[in-house]
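Visitor: So that we are looking at the same thing, I have put the structure below in structure tokens.
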Amino acid sequence: MNSTYIERRGGNNYTSYRLSRRKDAVIDYLKGYMRSDCDSILDIGTNDGRMLSEIASQLNIKHPVGIDTMWEAVKLAQRVEGAKSRIFVGDTHNLPFKDNAFCVIVASAVIEHIRDTDSVFDESRRVLKDGGLFCITIPNPFYDRINSALIKTYHVKRYTSGAIKKELVRHNFRILKSGYFMLYYNFQNDMNRD
């Protein structure tokens with residue numbers, strides 16, 4: 001991905017609408033499942049930081065952190081977010097955080113861009129607190145094929161409902177809720193539960 005992707009993402013009404021709807025769906029989900037003492041969130045693939053900022057603001061999360069692999073996106077997010085969030089360039093396959101650091105991890109419209117999701121899921125489990133929430137959104141594979149034919153999406157994988165559930169269960173996440181809204185899934189870290 002490159003700066004063209006970032007520009008297209010920020011300056012298109014349709015894209016802005018989709019981002020807003022996805023953000024609202026994530027916030028609604030988190031409101032229903034998030035523990036009241038949750039104070040930390042990691043946004044993997046934070047891009048310009050807008051979703052992270054809204055989630056932290058609406059859910060009163062004191063320690064929002066965003067990570068992205070694109071320096072251009074991180075620069076934009078740092079300009080927009082200033083000191084409200086810690087946002088930096090990082091490797092999603094080797095997250096630079098201690099174990100059990102976050103009570104919520106969001107990866108919205110990210111997983112389909114990653115070839116080696118095993119290491120991303122393993123790292124997310126490592127930095128997610130026991131009982132924490134891992135919230136993922138992915139595009140509906142049918143619409144993603146259409147969209148990818150029309151514009152460059154940079155998607156390297158497409159997931160069906162069954163395939164993403166199977167992959168996440170294989171990484172010891174318990175599915176709390178899944179549904180269609182641009183197809184999103186939400187998982188809980190139950191590593192230490194029977």
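The values are calculated or read from the model by the stated rules, or taken from the named source; none is laboratory data. All figures in this text were calculated on a predicted structure; none of them were measured in a lab. Note: ideal-geometry Cβ built from the backbone for every residue, glycine included; neighbour counts use all protein chains shown. Surface accessibility is based on the protein's heavy atoms, side chains included, excluding ligands, DNA and RNA. Shrake-Rupley method; radii C 1.70, N 1.55, O 1.52, S 1.80 Å.
Visitor: Grab the other residues whose beta carbon is less than 9 angstrom from that of VAL127, score K and R as +1, D and E as -1, and report the net. Let's see the in-between values first.
Guide: Working: positive: LYS98, ARG125, ARG126, LYS129; negative: ASP99, GLU123.
Here the charged neighbours net out to +2.
Visitor: What is the Cα coordinate range of segment 39-86 on the first, second and third principal axes, sorted by size from largest, in whole angstrom?
Guide: Reported extents, whole Å, longest axis first: 27, 17, 13.
Visitor: Within segment 76-113, find all residues whose amide N lies under 20 Å from a label point positioned 7 Å from the Cα of SER36 along Cα-to-beta-carbon.
Guide: From segment 76-113, the list is 103-104.
Visitor: In what sequence, largest accessible area first, do HIS93, HIS113 appear using a 1.4 Å probe?
Guide: Working: HIS93 70, HIS113 35 Å².
Order by accessible area, largest first: HIS93, HIS113.
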